[in-house]
Amino acid sequence: ALERLASEAIVFDNADTVAPLTLPAHASLFTALYPPRHGVRDNHLFSLSQDVPVFPELLQRRGYATAAFVSAVVLDRRYGLARGFDVYDAEMDGPERSASETLAHVRAWLERAPRPFFLWVHFFEPHTPYRSGSYAGEVQEADGALGELFGLLRARGVWDEALISVTSDHGESLGEHGEQTHGFFVYEAAIRIPWLLRVPGRGPQRIEYQVRLVDVMPTMLELAKIDMRELPPDRLDGASLAPFLHGSARPGLEAYAETFLPRYQFGWSDLKTFRGERFK
């Protein structure tokens, strides 16, 4: 499903997250701010302050119906990400729910969703514990779920006009540098993420310059022609890439990432990284 999407999307080959941790990364996704500015530095121990503007609120004010369907308790509404969503579906038994369970809720909402709408669907796969038995098995499950989601959008008749973004909050080390999963270190295995962006009316494109998770929402909103003047660029760490998608100009972005899990959960040192086009 991802390969099929890539065949008609902009594929960013060099995208970085802000932290190898779910909650800080999602806080950055929806604020376009780095963790030191939005204040969420680890899972469970922090929540996003009510004072920090989030993009779904802006979309609500522009007349969009907004809905979120999440698959892990680490994104429960008590952590502050529910602001701006008319529907924030995070009900589950236990720490996670399967993509198929989440999709059932998405399907019911899509059947009656008004337009225009902003829909965020979060799948927990691939993530430990690997309920399918392996990381590769979880990747396959996530890809199958994405295929079903794309099918729902086609069946609803919105696929051709929908701006669709697929990304991840972090990667997975799989044993590199002695790290089996993620959270302790800021090596590329856990910091590099995929980002595919399908824009109606545009053909496929591959972009190799560096981009960041904090650029996702500013880029999507500008491409959707959403007025963002109440969020001036100097208040954001992220930037819209829309002006750079039609030519050879490069945005020259630098990427910051951190992990505070070692400090808050083990009393070790936090780690911070800064990455430019040539050096990290």
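The values are calculated or read from the model by the stated rules, or taken from the named source; none is laboratory data. Remember, predicted model here, so these are calculated numbers, not experimental data. Here the Cβ is made from the backbone with ideal geometry for all residues, glycine too, and neighbour counts use every protein chain on show. Ligands, DNA and RNA are stripped out before the accessible areas are found, and what is left, the full protein with its side chains, is counted by its heavy atoms. Shrake-Rupley method; radii C 1.70, N 1.55, O 1.52, S 1.80 Å.
Pull up region 247-267, narrow it to residues that are farther than 30 Å from R202 by Cβ and loosely packed, with under 12 Cβ neighbours inside 10 Å, then point me to the one that is nearest to the chain's Cα centre (by Cα).
F266
Could you grab the pairs with beta carbons closer than 6 Å, sequence gap of 6+ or different chains, first residue in region 160-189 and touching a residue at least 40 places away in the same chain (Cβ under 8 Å), second one assigned to a helix (DSSP H, G or I) and of a type in the set (G, A, S)?
Filtered contacts from region 160-189: D169/A25; H170/A25; H170/A190; G171/A189; G171/A190; H182/A190.
Would you check if L23 is open to solvent by less than 10 Å² (accessible area, probe 1.4 Å) and closer than 22 Å to H127 by Cα?
yes
Looking only at region 210-237, how many residues end up being of a type outside the set (A, V, I, L, M, F, W, C), open to solvent by 10 Å² or more (accessible area, probe 1.4 Å), part of a loop (DSSP other than H, G, I, E, B) and under 21 Å from A25 (Cβ atoms)?
1
For region 158-208, give me each residue that is at pLDDT below 95 and at positive phi.
Listed by number, the list holds a single entry, G201.
With the condition kept exactly as written, say whether any residue in region 21-38 is more than 17 Å from the chain's Cα centre (by Cα) and over 27 Å from V106 (Cα atoms). Before you say what the answer is, go through the steps one by one.
Quick first cut of region 21-38, residues more than 17 Å from the chain's Cα centre (by Cα) only: 36-37.
Still in the list and also over 27 Å from V106 (Cα atoms): 36-37.
Yes.
Please verify whether region 44-58 includes one or more residues that are over 21 Å from F123 (Cα atoms) and touching a Pro at 6+ places or on another chain (Cβ under 9 Å).
Scanning region 44-58 turns up at least one residue that is over 21 Å from F123 (Cα atoms) and touching a Pro at 6+ places or on another chain (Cβ under 9 Å).
When both residues are 6+ apart or on different chains and their Cβ atoms are under 7 Å apart, which pairs have a first residue that lies in region 1-13 and is under 12 Å from R202 (Cβ atoms), and a second that is part of a loop (DSSP other than H, G, I, E, B) and modelled with pLDDT of 95 or more?
E8/P204; A9/P204; I10/V199
Among the numbered criteria (1) in contact with a His (Cβ under 7 Å, 6 or more places away or on another chain); (2) surrounded by fewer than 17 Cβ atoms within 10 Å (Cβ to Cβ); (3) among the hydroxyl-bearing types (S, T, Y), which single criterion is violated by S173?
All conditions are met except number (2).
Note down all Cβ pairs under 6 Å where the first residue falls in region 259-280 and is farther than 26 Å from E208 by Cβ, the second is exposed (fewer than 14 other Cβ atoms within 10 Å of the Cβ), and they're at least six residues apart or on different chains.
Sorted first by the residue in region 259-280, then by its partner, the pairs are P262/W268; Y264/L45.
Name every residue in region 88-103 that is without any contact (Cβ under 8 Å) to a residue 24 or more places away in the chain and either open to solvent by 50 Å² or more (accessible area, probe 1.4 Å) or in a loop (DSSP other than H, G, I, E, B) (or both), in order of residue number.
Within region 88-103, A90, E91, M92, D93, G94, P95 qualify.
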